[in-house]
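Chemist: My questions all concern the structure below.
Values quoted throughout were computed directly from the atomic coordinates according to the rules given, and no laboratory measurement underlies them. Quick caveat: nothing in here was measured; it's all calculated off a predicted structure. So basically every Cβ, Gly included, is an ideal-geometry build from the backbone, and we count neighbours across all protein chains shown.
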Amino acid sequence: MERAEARRLIERARQAFDAGEWRQCAETYEQVLAHFPDEEAGGVWWYDAALAYKFLRDWPKAYALGREAAARAPRGEGDPAFWNLGIAATVLREWEVARDAWEGFGVPVPEGEGPIDVDGAFGMACVRLETDGGQEVVWARRLCPTRAQVLSVPFTGGRRFGEVVVHDGEPKGERVVDGQRIAVFDELVLFEPSPLPTLVVTVNAAEAADVHALVGLFAEEGFGAEPKSGFVLHCGCCSEGTVEYEGDSVHAGAQEVALAAPLEEAGRILGAWSGQVAIGRSWSGLRAVC
């Protein structure tokens with residue numbers, strides 16, 4: 001390939017990138033890189049090609065080209081080539097490469113083998129899940145720079161409490177609770193499914209504290225409970241912006257609560273909850289929905 005032809009192809013690849021034509025972009029870059037892998041600007045070409053494959057969710061390609069991009073990037077300076085490689089390596093469970101990628105970006109992770117799970121080190125996040133009903137933002141505990149475990153009980157179909165997902169690194173919105181700003185990340189892929197079914201029950205609570213007590217009982221046993229009063233619909237623009245939560249949305253009275261637990265266990269906990277007080281707590285209509 002002549003250099004003049006390579007320049008034309010690079011310009012075509014850039015135009016495809018700007019237009020969101022990811023496959024054409026990546027494949028065009030690859031044509032040039034097959035002949036000119038180590039040009040001064042080659043690191044950018046490798047990176048853009050790997051990024052395009054990430055957008056296509058072609059993880060083996062994103063991984064292979066991402067390793068080339070990271071090999072040409074400065075370590076410890078927050079270069080995004082390492083972050084995208086960390087994502088692709090995580091999806092493919094290439095843990096040694098993932099650890100090296102996070103270190104290359106500048107994020108310390110513990111030595112070891114297997115999945116990275118640093119309890120509490122990466123804090124909380126919100127993740128925008130893809131669901132049967134569209135999208136839903138849920139609370140999650142970050143296990144590593146790109147994996148998070150869902151701590152909410154999703155209300156829209158097809159998703160479950162306890163799932164582990166891989167999320168992107170660029171925040172798309174934020175949630176503000178008691179002055180604390182929590183980033184919202186888009187889900188990239190479901191990493192580990194959850195065995196816990198989603199149930200729905202109607203409860204009657206004399207006070208909001210009764211509902212909080214129910215949530216606490218399920219949490220004590222590693223299960224989930226989510227009053228549907230906490231579910232708020234937002235348009236796409238608002239969801240990707242800043243959403244502030246003020247006060248407690250939990251209320252007394254009859255209401256639906258989503259649960260994440262085996263059916264028999266859920267019935268047992270509900271029975272214990274209602275039996276803790278003489279009057280004021282009751283439940284009915286327990287059923288599985290997912």
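Chemist: By the scheme Lys and Arg +1, Asp and Glu -1, what is the net charge of all other residues having a beta-carbon under 14 Å from that of residue 88?
Modeler: It works out to a net charge of +1.
Chemist: Continuing with the same structure: Run lengths n ≥ 4 of DSSP H only: what is the helix-derived mean residue ellipticity at 222 nm for the chain, with -39500 (n - 2.57) per run over all residues, to the nearest 500?
Modeler: Estimated from H runs of four or more residues: -11500 deg cm²/dmol.
Chemist: Could you sort the peptides 43-56, 97-110, 6-19 by per-residue average Cβ neighbour count (10 Å cutoff), highest mean leading?
Modeler: Averaged packing, sorted descending, gives the order 43-56, 97-110, 6-19.
Chemist: Placing one identical point scatterer on every Cα of the range 3-105 and ignoring solvent, what is log10 I(q)/I(0) from the Debye formula at q = 0.14 Å⁻¹?
Modeler: Computed log10 I(q)/I(0) values: -0.48.
Chemist: Let me spell out the model: positive unit charges on the Cβ of Lys and Arg, negative unit charges on the Cβ of Asp and Glu, origin at the Cα centre of the chain. What dipole size does that give, in debye rounded to 20?
Modeler: Using only the charged Cβ atoms, the result is roughly 460 debye.
Chemist: Still on this structure, please answer the following. With θ taken as phi - 60° and the coefficients 6.51, -1.76 and 1.60, list the Karplus ³J(HN,Hα) couplings across the range 200-205 in order, rounded to whole Hz; mark glycine and proline as x.
Modeler: 10, 9, 9, 10, 10, 10
Chemist: Defining a contact as two alpha carbons under 8 Å apart and six or more residues distant in sequence, what relative contact order in percent does the chain show?
Modeler: 12
Chemist: Straight distance only, please: which lysines reach the Cα of residue 228 with their own Cα at less than 27 Å, same-chain residues fewer than 8 apart left out?
Modeler: Within the straight-line cut-off, residue 228 pairs with 172.
Chemist: Please arrange 94, 113 by how many other C-beta atoms lie within 10 Å of their C-beta, fewest to most.
Modeler: 113, 94
Chemist: Between the range 186-216 and the range 129-176, what's the alpha-carbon centroid distance in Å?
Modeler: 14
Chemist: Could you tell me the ratio Rg/Rh of the range 198-288? Both radii from Cα atoms, Rh via Kirkwood.
Modeler: Expressed as Rg/Rh, it is 1.02.
Chemist: If Lys and Arg each add +1 and Asp and Glu each add -1, what is the summed charge of the other residues whose beta carbon sits under 11 Å from the beta carbon of residue 194?
Modeler: Charge balance in the 11 Å sphere: 0.
Chemist: First select every other residue whose beta carbon is under 14 angstrom from the beta carbon of residue 17; then total the charges, Lys and Arg +1, Asp and Glu -1.
Modeler: -2
Chemist: Using a 10 Å cut-off around each Cβ, can you sort 90, 198 from fewest to most neighbouring Cβ atoms?
Modeler: With the sparsest Cβ surroundings first, the list reads 198, 90.
Chemist: Another question, if that's okay. Just to check I understand the Karplus step: with θ = phi - 60° and J = 6.51 cos²θ - 1.76 cosθ + 1.60, what whole-Hz values come out for the range 208-214, glycine and proline as x?
Modeler: Going residue by residue, I get 4, 4, 5, 5, 4, 5, 5 Hz, with x marking Gly and Pro.
Chemist: Which length gain, in nm to one decimal place, applies between residue 272 and residue 219 when the Cα-Cα distance is subtracted from 0.36 nm times their residue separation?
Modeler: 17.7 nm
Chemist: Taking H as built 1.01 Å from N, whose amide H comes closer than 5 Å to the amide H of residue 156, not counting residues under 5 places away?
Modeler: none
Chemist: Can you work out ³J(HN,Hα) from phi for every residue in the range 256-270, in order, using Karplus 6.51 cos²θ - 1.76 cosθ + 1.60 and θ = phi - 60°, giving whole Hz and x for Gly and Pro?
Modeler: 8, 10, 8, 10, 10, 5, x, 4, 5, 5, 4, x, 5, 5, 4
Chemist: Treating the angle as unsigned and between 0 and 90°, give the value, to the nearest 10°, between the Cα long axis of helix 3-18 and the longest Cα principal axis of the chain.
Modeler: 20
Chemist: Listed highest first by mean packing, meaning other Cβ atoms within 10 Å per residue, what order do 222-229, 173-180, 61-68, 82-89 come in?
Modeler: So the order, starting with the most tightly packed, is 82-89, 61-68, 222-229, 173-180.
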